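The values are calculated or read from the model by the stated rules, or taken from the named source; none is laboratory data. Owing to the predicted nature of the structure, the values given are computational and were not obtained by experimental measurement. Please note: Cβ atoms are built from the backbone with ideal geometry, for glycine as well, and neighbour counts cover all protein chains shown. Heavy atoms of the whole protein, side chains included, go into the accessibility calculation; ligands, DNA and RNA do not. Shrake-Rupley method; radii C 1.70, N 1.55, O 1.52, S 1.80 Å.
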Amino acid sequence: MASCVVFGPQGAMKSDYRRFNISGITPGDDYAALQQAVGRRYQRLVAENKPLPSVVMIDGGKYQLAQAQQVWLTL
């Protein structure tokens, strides 16, 4: 399971929160889970022609950030 929270100028935008059931990866592979969640979230935003956020926070360290960056480079 992975989750995404969203904040706007007025604070939390709970209607935009998302939870992702992660599947098809080796259990415990946090990097693959993060790639899957980020990919699903941002591919959907692009497909629906919705604005991308101006700031993104990734929970983790440089390796988690690298996984998210790989996804964003493919968009």
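Observations, loosely collected:
- The charge dipole of the chain, taken about its Cα centre with unit charges on the Cβ of Lys, Arg, Asp and Glu (plus for the first two, minus for the last two), comes to roughly 200 debye.
- Per-residue HN-Hα couplings for region 58-75 [Karplus 6.51, -1.76, 1.60; θ = phi - 60°; Hz; x = Gly/Pro]: 10, 6, x, x, 5, 6, 5, 4, 4, 5, 5, 4, 4, 5, 4, 5, 8, 6
- Distant-in-sequence amide contacts of F20, defined by a placed amide H-H separation under 5 Å and a gap of 5 or more residues or a different chain, comprise A2, S3.
- For F7, the residues whose amide H sits under 5 Å from its own are M13, ignoring neighbours fewer than 5 places away on the same chain, with H placed 1.01 Å from N.
- HN-Hα J in Hz across region 16-25 - Karplus 6.51, -1.76, 1.60, θ = phi - 60°, x for Gly and Pro: 9, 4, 9, 10, 10, 7, 8, 9, x, 10
- When the inverse distances between all different Cα atoms of region 31-75 are averaged and flipped, the Kirkwood radius reads 10.8 angstrom.
- Take M13: with every protein chain present and a 1.4 Å probe, its accessible area is about 70 Å².
- Computed on the Cα atoms alone, the convex hull of the chain gives a volume of 106 cubic angstrom per residue.
- Rounded accessible area per residue of the chain, 1.4 Å, Å²: 77
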